[in-house]
1. Across the range 25-47, what is the number of residues that are at positive phi and under 13 Å from the mean Cα position of the chain (by Cα)?
2. Is there any pair linking a residue in the range 29-49 that is open to solvent by 60 Å² or more (accessible area, probe 1.4 Å) to one that is of a type in the set (Asp, Glu), with Cβ under 7 Å and at least six apart or on different chains, and which?
3. Determine which member of the set VAL229, VAL214, VAL261 is under 22 Å from THR54 (Cα atoms) and surrounded by fewer than 14 Cβ atoms within 10 Å (Cβ to Cβ).
4. Considering only the range 65-85, how many residues are open to solvent by 20 Å² or more (accessible area, probe 1.4 Å) and either farther than 19 Å from VAL179 by Cβ or touching a Lys or Arg at 6+ places or on another chain (Cβ under 8 Å) (or both)?
5. With respect to GLY195, determine if the residue is more than 17 Å from THR115 (Cα to Cα), open to solvent by less than 40 Å² (accessible area, probe 1.4 Å), small (Gly, Ala, Ser) and modelled with pLDDT of 95 or more.
6. Can you list the strands (runs of 3 or more DSSP E) lying wholly within the range 205-262 that have 1 or more residues being of a type in the set (Gly, Ala, Ser) and under 21 Å from ASN60 (Cβ atoms)?
7. Check whether at least one residue in the range 51-58 is within 16 Å of ligand 1 (Cβ to nearest atom) and of a type in the set (Lys, Arg), and report yes or no.
8. Where in the range 27-145 are there helices (runs of 4 or more DSSP H), lying fully within it, with 2 or more residues that are over 30 Å from ASP190 (Cα atoms)?
Amino acid sequence: MATSAPPAVAQLMVDVHGVHKKFGSLHVLRGVDLKVPPGGVTVVLGPSGSGKSTLLRTINHLERVDRGYVSVDGELIGYRRSGDALHELPERDVRRQRRQIGFVFQNFHLFPHLTVVENIIEAPVAALRRPRKDAVETARRLLARVGLADRADAYPRQLSGGQQQRVAIARALALEPKVILFDEPTSALDPELVGEVLDVIRDLARGGTTMVVVTHEIGFAREVADTVVFMDGGTVVEQGPPSQVLDHPRHDRTRAFLAKVL
Ligand code: ADP
Ligand code: MG
């Protein structure tokens, strides 16, 4: 049946559009497009040096883009549009935007001198001016969610890597972000601790949290991802559902990469 009406498009949660990024003469992102609908898991795969971390860092404006734009939940990141011109946002507005974009790092990045619960309430109390009592209550609820209800008063050094990463995830959740970006969240972990962190991410996915996850865990991608994106050389080579990209890749570069990691 012929139809001229465009399909209804739900607002994207993350829209990376034509993004270029150079470090000096090194052209790291070469026109990247990444469209993430609300409430799904996008897994980004690709060889080391292909630009995955840089892509995540442009989404929360830790790196400024040279060309293109990023928007999150319809809001341009780092800039304000006025007519055809873009104006840089002041630092306090960028900080406000960043708080809506959770970031979980490979090496956890917890504050070593603060307890688990203090790590989690730090930003809600200092930046959002939440009453400490409410922030602690929320932190305890989130700790229960990541299976660490009994470790609230421990220091990071007293925890395993998997536990530290789960605290980092609880800390990200405490700001009620619109999206959480994970940069190889299990790469620094001993193999036996990978599963507990992936289980938490899987649980968040069921709860509808929007996530972009850079990982080499193909089994996790196959099971949890709505979309798999394969990057190489600063471009998105292909993307689609896991059944397509992982089992029937269209590009030789994707096939070659998968042959190495599977
Ligand atoms: P990936 O996460 O896929 O391994 P990255 O985004 O970390 O890739 O890096 C892509 C390329 O950009 C690499 O060649 C890396 O050395 C380079 N790069 C990343 N960050 C910087 C930086 N701040 N300054 C200079 N080069 C960088
Ligand atoms: Mg990286």
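1. So the answer is 1.
2. Note: pairs meeting the criteria are LYS35/ASP15.
3. VAL261
4. Result for the range 65-85: 10.
5. Criteria met by GLY195.
6. Output list is empty.
7. yes
8. Qualifying helices (runs of 4 or more DSSP H): 91-99, 116-126, 132-145.
The values are calculated or read from the model by the stated rules, or taken from the named source; none is laboratory data. Keep in mind that this is a model prediction, so the values were computed, not measured. Heads up, the Cβs are rebuilt from the backbone with ideal geometry, glycines too, and the neighbour counts pull from every protein chain shown. The accessibility values were calculated without ligands, DNA or RNA, using every heavy atom of the protein model including side chains. Shrake-Rupley method; radii C 1.70, N 1.55, O 1.52, S 1.80 Å.
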